[in-house]
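What follows is a set of notes on a single structure, which appears directly below.
The values are calculated or read from the model by the stated rules, or taken from the named source; none is laboratory data. What you see is a predicted model; the values in this text were computed from it and never measured. Cβ: placed from backbone, ideal geometry, glycine included. Neighbour counts: every protein chain shown. These accessible areas exclude ligands, DNA and RNA; they are computed on the full protein's heavy atoms, side chains included. Shrake-Rupley method; radii C 1.70, N 1.55, O 1.52, S 1.80 Å.
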Amino acid sequence: MKRLLTPLVALVALSVAGAAFAADGIKLASVDFRKIAQESKAGAEATKELSKVADKLEKGMKEKEAGLEKLKDALEGKGKKLTAKEKTAKEKEIRKKLEAYREMAKDAQHELQTKEEEFGNKLMENIDKIIKEFAPKSGYALVIRKGDVIYTDGKNEMTDITADILKLLDGPPQEAAPK
């Protein structure tokens, strides 16, 4: 819904103010948030942290999976030697551990999604702050998410300021320390 609302608000703002701004040569800009997330230092750090979390969760899942395989092998290998009661008990144990494994997988997926949202929200807050400082200083009347414009009459140029925002987000290049 929010993704649909942004372009609608932009289109309404452009259409209502279009005639008045056309004479003034309104400055419009767009920002590619995906590109910033992929190419910024903050985006790279978030990706690295998410990868660490995913690796940790995957390691735990593989350990549980190995335990399940051992139980399954024990049941199949000793299946002929086990009594019906022992076999039923082993099957029940496997089902219980399989359910715990599935629950762990579900929790891991939720944790990963939560971390991804957390990093994404933090990055978006920083980008929003930078845009809100940059746009007025640079004379832009409207900045929208790149790709959200469905139609424009072409009378006003849309400038992509992604590179500018990326530079501001990452800050000035770090000077190498003298040796």
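Some points to look at:
- With a Förster radius of 35 Å applied to the C-beta separation of Asp170 and Asp55, the computed FRET efficiency comes to 0.85.
- For the range 114-122, Karplus couplings with θ = phi - 60° (6.51, -1.76, 1.60), whole Hz, Gly/Pro x: 5, 5, 4, 5, 4, 5, x, 5, 5
- In terms of the mean number of neighbouring beta-carbon atoms within 10 Å, the peptides 143-151, 99-107 order highest first as 143-151, 99-107.
- The residues packed around Leu98, meaning those with a beta-carbon under 14 Å from its beta-carbon, carry a net charge of +4 if Lys and Arg are +1 and Asp and Glu are -1.
- In a simple Cβ point-charge model (Lys, Arg +1; Asp, Glu -1; nothing else charged), the range 44-179 has a dipole of about 1220 debye relative to its Cα centre.
- Note, ³J(HN,Hα) from phi for the range 143-148, Karplus 6.51, -1.76, 1.60, rounded to Hz, x at Gly and Pro: 10, 10, 5, 4, x, 8
- ³J(HN,Hα) computed for each position of the range 27-41 - Karplus, 6.51 cos²θ - 1.76 cosθ + 1.60, integer Hz, glycine/proline x: 9, 10, 9, 10, 10, 8, 5, 4, 5, 5, 4, 7, 9, 7, 4
- Rounded percent of accessible protein surface that carbon and sulfur make up, the range 21-161, 1.4 Å probe: 51 percent
- To the nearest 10, the accessible area of Phe119 is 50 Å² with a 1.4 Å probe.
- Per residue, in Å², the accessible surface of the range 21-179 once ligands and nucleic acids are set aside, probe 1.4 Å: 75 Å²
- For Val53, net neighbour charge (Lys/Arg +1, Asp/Glu -1) across residues whose Cβ lies under 14 Å away: -4
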